[in-house]
Number of protein chains: 2
Amino acid sequence: MNKCPETTDNVEEVVLNVIRPTRRQLTILSSFFRHVKRTYEACLNRLGLKGEVTVQGSYAKGTILSDKWEIDIFIILEGVDKEWIKREGEAFLRECASRHLPYTIRYSEHPYITVSMMGLEADIVPVARPEPSRLEGLGVERTPLHTEYVRSKMDRELADQARLLKSFLRGVGVYGAEVRTRGFSGYLAELLTITYGSFRDVLRAASGWRPGVYIDPEGVGDEKVLRRRYRDSVMIVVDPVDPKRNTAAAVSVQSLATFVAAAKLYLEHPHTWFFHACQPSRPPLPGLDMYRLNVDCRGPLYNHPPDAVWGKALRALESLTNRLRRTGFKIAHHTVATDEYHTLTFSIILEECGLSSMEVVQGPYAWSPTERLTKFVLKRLSEGGGAWISIDRMIGSRPRRFKDAAEAARHWLASEESASLHDLGVSCRVVCEKCGHGECNPTPAWIASLLRGRGR
Amino acid sequence: MNKCPETTDNVEEVVLNVIRPTRRQLTILSSFFRHVKRTYEACLNRLGLKGEVTVQGSYAKGTILSDKWEIDIFIILEGVDKEWIKREGEAFLRECASRHLPYTIRYSEHPYITVSMMGLEADIVPVARPEPSRLEGLGVERTPLHTEYVRSKMDRELADQARLLKSFLRGVGVYGAEVRTRGFSGYLAELLTITYGSFRDVLRAASGWRPGVYIDPEGVGDEKVLRRRYRDSVMIVVDPVDPKRNTAAAVSVQSLATFVAAAKLYLEHPHTWFFHACQPSRPPLPGLDMYRLNVDCRGPLYNHPPDAVWGKALRALESLTNRLRRTGFKIAHHTVATDEYHTLTFSIILEECGLSSMEVVQGPYAWSPTERLTKFVLKRLSEGGGAWISIDRMIGSRPRRFKDAAEAARHWLASEESASLHDLGVSCRVVCEKCGHGECNPTPAWIASLLRGRGR
């Protein structure tokens, strides 16, 4: 999908020409929406329900990107409550679903339906209209309020700036609040653009962020209360629509760090590669002379909601990398990929697949209690290792339990430590091997662009 | 020379039976001394010099060990001073040396002569008799005073206890104040035995020592002055004969730590292997599955005093191990051996001879100044490595300069860092290989004895 020339001049102009939606795209989405709207309005009438069929999300807010062929449709029902939606929502959706379009019923907080037509997709979400006096505890019902807020603040020019930010966030891999990314939602990107006034100004602000950053766009939040409530958040951005809510609650330290570093590098060395629509089609750097441990798993992942799959997969990945580190392997990079359907792959880049058979361990200082010295010596000797004095402490050697990364991973798979993976019902195959030519360089394009940006 | 049964019962009794000198040994040393004495007394007469030919050292103090066939003979001259000894000492020694016995003229602070006869050896040292009122600044002239002090304090029983301590110190590798060992001198061992009353009581005291330990056997020292004067000493033992002198000035932290740890382990698990005369003739433990880097050097070491050879060799060893550690090698143990004549060998035991070709390096936090981030990225990329974000910081990879321990050592040999080795005029050959069967376990016998002591 890379339609951008690789450049460091007028980068944002070049990118905007690629990511701005086309008239054709907007026309198609609009008629798709009208079709769905007609179908559901008819159905509401048939069922004697009162409600409004509205378009939400980036299409509604005017910040949609050129490669997005999806719309969010909310049916805002009158005279029903959350409980009704939970209880009757699925039946309502099935009843109203068009006989002519394929659909899937899904669940997040609420039931919703995904309808597709020739590559177009609409998520249709029934919600109860919230009472304006009781905004707390809202979930998905908050969405229409967000749409309204953004529309009231954004002109066409600012929408372009929001598009740049979204594309940048996607380009550096931190766009999306779901478990998979734990990054910046579309609404958060829009809010930041509104707050700082332009794409560049958001980046300039982000250059100074650290974990604990607190931003209150409309000055409506109570910092003390929010900091207490979102104690584990690395970033707080007060939601103008719901001042007790942190719009950035999902942002992980990795996402924050990535965005901060990317913002700084971009401001110094702008390049199209920072944007999602301008990623190079081939790896921008040659592969590194490293090793890769792959754990390929298969199983009925479709039995679990995607967020649950990602959550368990990420927990398992952390446990596996910890195990490998404890065993003595030096880990360069680790990722997990899944189709959320039936395959899940951990990929860990290591300095090497094999370690020496003995490892050197530090023991107690000579001035430690006799018991500790004796224990250390007897432990090392009984393991078949050795012990001696180096400078001022005991040093010993012991046979490594696992010399082989694949063996260590297999042992982990058979242990309790990989429980979160087994919850998913998968079975896995482990391979560790030298990276092939051109593979195995975890440097993202936006970092690699620095070398290009310097004319090298 | 191991004549001791391997035992953990009555260990000290068993050891004493081996290390106590025999009547025959004492008779031979005594007649050797009388022969030298006659020769030198005649020579003094001939030269019109006034002086006394005396025996010093462990033979004179009654603490000699059964395998020692050496005596120290001091010629205490009247009416001459230090300067005379320095100027005329060598001529005097050559003039008086027996025509019938082979000898070597040597230098330490003073000139001295080593005379040998059928495996017997005597060091003959001319000194000026010190004025009792001016003890400060004494060097080798202090020796007769030490002999006198020890003789006045030690009976036969206590001499046996001193013998045990000396044999223990030698057994655990910390006997001798010379540069090679930086350990406990014979006089220091005797002083500690006198102070604490028995071998076991010295060990019990040592169990509580740490760097900075201060011992004043006769309560004659000024702690503040001594601590200032011997700021770099890890241990201070005030010399009863010269209260401004630290008898333990030579003791390194490694020697102190070794003695402290050995004392603790011995008190819990006594074993004959802690004593020098009872070392097992074969390695007490199987070899470890490790690697050894050998640097074998040859050259005219005989051109340098032994202490200078050891000093430069130890400095070079430290520089080499630092280089290897910086390069990424895990060092288990390192030693240097030399015949002080023409060979010198560094032996370094490593987890492995080779490392992976890329290494993982930590970079700055995302919140660091842009300049540091840019610099890290450009450095890694221009080296042919990569850079990415892990949690909250930059991580990168870079090609290792040296994947091979031998290559790293050869590069070190060709660099300024090995200057102290080149001062010795040697040339060296480097090999790194897997330890052969049964080689390469740095565990000393006294530590290995713990496993035996437990009846395993």
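What the table below lists for this structure:
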item	result
Residue in region B:269-276 that is on the phi > 0 side of the Ramachandran plot and within 14 Å of chain A (Cβ to nearest Cβ) present	no
Filtered residues of region A:207-264 (kept if hydrophobic (A, V, I, L, M, F, W, C), within 14 Å of chain B (Cβ to nearest Cβ) and either part of a helix (DSSP H, G or I) or surrounded by 24 or more Cβ atoms within 10 Å (Cβ to Cβ) (or both))	A:MET235, A:VAL251, A:VAL253, A:LEU256, A:ALA257, A:PHE259, A:VAL260, A:ALA261, A:ALA262, A:ALA263
Residue within region A:15-30 that is under 27 Å from A:THR272 (Cα atoms) and over 28 Å from the mean Cα position of the chain (by Cα) present	yes
Qualifying residue in region B:35-48 (condition: of a type outside the set (Ser, Thr, Tyr), without any contact (Cβ under 8 Å) to a residue 40 or more places away in the chain and closer than 13 Å to B:ALA277 by Cα)	no
Matching entry among B:LEU293, B:LEU373, B:LEU320, B:LEU288 (being buried (at least 23 other Cβ atoms within 10 Å of the Cβ), under 28 Å from A:ARG380 (Cα atoms) and at the interface with chain A (Cβ under 8 Å from one of its Cβ atoms))	B:LEU288
Filtered residues of region B:231-242 (kept if over 25 Å from A:SER368 (Cβ atoms) and either modelled with pLDDT of 95 or more or not hydrophobic (A, V, I, L, M, F, W, C) (or both))	B:ARG231, B:VAL238, B:ASP239, B:PRO240, B:ASP242
B:GLU131 vs. criteria open to solvent by 50 Å² or more (accessible area, probe 1.4 Å) and outside any strand (DSSP E or B)	yes
A:TRP367 vs. criteria of a type in the set (Phe, Trp, Tyr) and either under 21 Å from B:SER356 (Cα atoms) or within 10 Å of another protein chain (Cβ to nearest Cβ) (or both)	yes
Wholly within region B:1-107, helices (runs of 4 or more DSSP H) carrying at least 2 residues that are under 27 Å from B:GLU340 (Cβ atoms) and open to solvent by 20 Å² or more (accessible area, probe 1.4 Å)	B:23-47, B:57-61, B:82-96
Which numbered condition B:LEU344 misses (of (1) buried (at least 17 other Cβ atoms within 10 Å of the Cβ); (2) within 14 Å of another protein chain (Cβ to nearest Cβ))	(2)
Matching entry among B:ARG398, B:ARG372 (being more than 22 Å from B:PHE346 (Cα to Cα), touching a helix residue (DSSP H, G or I) at 6+ places or on another chain (Cβ under 7 Å) and not aliphatic (A, V, I, L, M))	B:ARG398
Any hit, region A:96-105, residues being in contact with an Asp or Glu (Cβ under 7 Å, 6 or more places away or on another chain) and farther than 21 Å from A:ILE64 by Cβ	yes
Residue in region A:388-403 that is farthest from A:THR327 (Cα to Cα), counting only those that are at the interface with chain B (Cβ under 9 Å from one of its Cβ atoms) and surrounded by fewer than 17 Cβ atoms within 10 Å (Cβ to Cβ)	A:ILE391
Positions within region B:332-341 being of a type in the set (A, V, I, L, M, F, W, C) and more than 8 Å from chain A (Cβ to nearest Cβ), in sequence order	B:VAL336, B:ALA337
Residue within region A:184-201 that is touching a Lys or Arg at 6+ places or on another chain (Cβ under 8 Å), open to solvent by 30 Å² or more (accessible area, probe 1.4 Å) and free of Cβ contacts under 8 Å to residues at least 60 places away in the same chain present	yes
Extreme residue, modelled with the lowest pLDDT, among residues of region A:409-420 that are out of contact with any strand residue (DSSP E or B) (no Cβ under 7 Å at 6 or more places or on another chain) and open to solvent by less than 30 Å² (accessible area, probe 1.4 Å)	A:SER420
Filter result for B:LEU267 (open to solvent by less than 30 Å² (accessible area, probe 1.4 Å) and farther than 30 Å from B:GLU131 by Cα)	no
Test: residue in region B:257-269 that is over 21 Å from the mean Cα position of the chain (by Cα) and of a type in the set (Val, Ile, Thr)	no
Residue within region B:243-251 that is within 21 Å of the chain's Cα centre (by Cα), at pLDDT 95 or above and polar (S, T, N, Q) present	yes
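A quick yes/no check of all residues on (1) among the β-branched types (Val, Ile, Thr); (2) within 30 Å of B:ALA263 (Cβ to Cβ); (3) part of a strand (DSSP E or B); (4) modelled with pLDDT of 95 or more:
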position	(1), (2), (3), (4)
A:ASP307	no, no, no, no
A:GLY311	no, no, no, no
A:LEU324	no, no, no, yes
A:GLU340	no, no, no, no
A:LEU344	no, no, yes, yes
A:ILE348	yes, no, yes, yes
A:VAL361	yes, yes, yes, no
A:SER368	no, yes, no, yes
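Let's see how each residue does on (1) among the β-branched types (Val, Ile, Thr); (2) closer than 30 Å to A:GLU268 by Cβ:
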| position | (1), (2) |
| --- | --- |
| A:THR27 | yes, no |
| A:TYR40 | no, no |
| A:CYS43 | no, no |
| A:THR63 | yes, yes |
| A:HIS100 | no, no |
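Quick grid of which residues meet (1) within 8 Å of another protein chain (Cβ to nearest Cβ); (2) open to solvent by 30 Å² or more (accessible area, probe 1.4 Å); (3) touching a Ser or Thr at 6+ places or on another chain (Cβ under 9 Å):
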| site | (1), (2), (3) |
| --- | --- |
| B:ILE349 | no, no, yes |
| B:MET358 | yes, no, yes |
| B:GLY386 | yes, no, yes |
| B:GLU407 | no, yes, no |
| B:VAL426 | no, no, yes |
| B:ALA445 | no, no, no |
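The values are calculated or read from the model by the stated rules, or taken from the named source; none is laboratory data. None of the values given here were measured: they were computed from a predicted structure. Virtual Cβ from ideal backbone geometry, glycine too; neighbours counted across all protein chains shown. For the accessible areas, the whole protein counts, side chains as well, though only heavy atoms, and no ligand, DNA or RNA atoms are used. Shrake-Rupley method; radii C 1.70, N 1.55, O 1.52, S 1.80 Å.
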